[in-house]
Each structure stands twice: as C-alpha cells, then as structure tokens.
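Some notes on the structure that comes next.
The values are calculated or read from the model by the stated rules, or taken from the named source; none is laboratory data. None of these values were measured; they are calculated from a predicted model. Note: ideal-geometry Cβ built from the backbone for every residue, glycine included; neighbour counts use all protein chains shown. Heads up: the accessible areas ignore ligands, DNA and RNA and are worked out on the full protein's heavy atoms, side chains in. Shrake-Rupley method; radii C 1.70, N 1.55, O 1.52, S 1.80 Å.
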Amino acid sequence: MKHRKLTVTIGIPAFNEETNIATLLKSLLNQVSEYVVMKNILVYSDASVDGTEQAVQSLQSDKIEFVKSKKRMGKPAISNYIFHHADTDIVVILDADIRLTDNAFIEELTLPIVEGRADLTSGKITELPPVTFIEKVLAASMDIKRESFESYNNGQNIYTCHGRSRAFSRRFYTKFVAPVEVAADDAYSYIECLKLGFAYSYTPKAVLQYRLPKTVNDHLRQSRRFFQGNQRLLEYVDPNVVNELLS
C-alpha cells in the first residue's frame, strides 16, 4: 500500500531578483519526488523596484502565487507570513538568488521530515564558479569552512543550518515565529527547533549553488550584515540555554 505523499509549500522572499527568479522557479516546477508533492510556490516580493514581478508572471503556472509589499519587510517577517498562510505538511523557505543542481533537491531536503527523523532541515550550499579575484579567495575560504562544518558531529550542527534553504515540518512551523529584527533567522530557527524538543537534520544531498560577493566592498557589506545579525540574535536567546542545547 502506497503512503500518502506529504504536501509542500515553497516560500521565496525576493528583493530585486529579476535576473534569477525565473530560473529558480523553472527548476522548482521541474522537481520530481516519490514522497512529497509541491502544492504551491509563494514568491513574496519585498518592495522590489526591478522586474521581479514581470519575471515571475512570465511563467504560466497555477502553482505560483505572487505577493508584493510596498515597503521593505525583511526576510524574517516574510517567512512568518509564509508560515501563517501555509496549510501543508512541510514548508520550504528558499533564497531567491540560488540555483538548484538537480530535480531531486526538494525530495532530498524534505526526506528527513517525511521519514519522521527531523522537523527542520537545511541543504548543502556550494558556490558558483568564481570569476573575480575576491570570489576565488572567498571560495577557497568557504571550502575550508564547509569541510569543517560537515565534519563536526557529521554535519548535524548549527553551522550547517543555512538560511538559503530550509524545510520545516508542520508541527514546527506552526509554533515558530522569527523575530523580525534578527537577520540571523537561520541560527534562531535551529536553536528554537532544539529548544522545542524537535530534531534538526543536515541534508548534504540537497545541493544548491549561490554567487559569492564579487568585490571587497560587497564582501564587507555582507560581513557587516552577518555580524549585526548575530549581535541581535544574542538579544533573543539565553546564552545558557544555547550552550546547553549545543553541548
């Protein structure tokens, strides 16, 4: 007897993503799975001023829903909107600037949830081929970081929980609310997952690609956002609780 396929909502916060969003959506529409079925894809344009809306609407699919805001909301607020409006077994949150490497990405990302082994998962991030000098330097650094993170506790740790791709079970996403002031919502989701007594699973077979910063200034701006996000995170979590969860 075949088991019922679990339903999936895919949520994509997007800000000025006209160059990649259509490519990502086409990849999602071509996904295949034995265990899950994609019910809908919700693209939330965060006050984009480019052709993001036109790029999304160029794809004729009844699975794609487009929402736009007139003022910037930020990724955590948009994620909360997606969780609140979802009615599926699983919610997948993806960044809009990523590339998927194959048609089994969603299946691999959600498999631990389907099998009841986890309530939060995250995929493996890899870099698109570097072009500029700074990209090549950063790519070498990322290789070292990735190897270190994947070797620590077989990858089952906070450092592999990346915001670029995460899957949430219904019982987790219906309880989870991301603080809108915290940019590091990926780390927060990992901490809350364990705090609620749920399990996290790193899914290295769900591979995505992203573009590294092309210039030093781009890298500095990104690093500044990461640092500020981590600082705000400390305002919302008890360090003692974190140490206990991560020990």
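Once you have the alpha carbon radius of gyration of the range 38-111, what is it after dividing by 2.2 N^0.38 Å, with N set to its residue count? Intermediate values should be presented prior to the final figure.
Details: Rg = 13.0 Å, N = 74, 2.2 N^0.38 = 11.3 Å.
Expressed relative to 2.2 N^0.38 Å, the Cα Rg reads 1.15.
How big is the charge dipole of the range 19-159 about its Cα centre, in debye rounded to the nearest 20, if each Lys and Arg gets +1 on its Cβ and each Asp and Glu gets -1 on its Cβ?
Magnitude of the dipole: close to 480 debye.
Which percent of the accessible heavy-atom area of the range 1-123 goes to carbon and sulfur, probe 1.4 angstrom?
Of the solvent-accessible surface of the range 1-123, carbon and sulfur hold 48 percent.
Viscosity 0.890 mPa s, temperature 25 °C: what is the translational diffusion coefficient of the range 8-142 from Stokes-Einstein with a Kirkwood Rh over Cα pairs, rounded to a whole number of µm²/s?
Result for D is 154 µm²/s.
Solvent-accessible area per residue for the chain at a 1.4 Å probe radius, Å²? Don't skip to the answer; put the middle values down first.
On the way: 12940 Å² over 247 residues.
On a per-residue basis, the chain sits at 52 Å².
What are the semi-axes of the equivalent ellipsoid for the range 88-136, taken as the square roots of 5 times the Cα gyration tensor eigenvalues, largest first, in whole Å?
28, 10, 10
Identify the GluC sites (Glu not before Pro) of the range 109-206 meeting these criteria: DSSP loop state and at most 12 other C-beta atoms within 10 Å of the C-beta.
Here the sparse-neighbourhood loop sites are Glu115.
Could you work out the Rg to Rh ratio of the chain, with Rh taken as the Kirkwood radius (inverse of the mean 1/r over all Cα pairs)?
0.94
Which is the longest part of the chain that has none of the trypsin sites (Lys or Arg not before Pro) sitting in a DSSP loop with at most 13 other Cβ atoms within 10 Å? Before the final figure, lay out the partial values.
Details: sites that count: Lys2, Arg4, Lys70, Lys71, Arg72, Arg117.
Formally, the longest exposed-site-free interval is 118-247.
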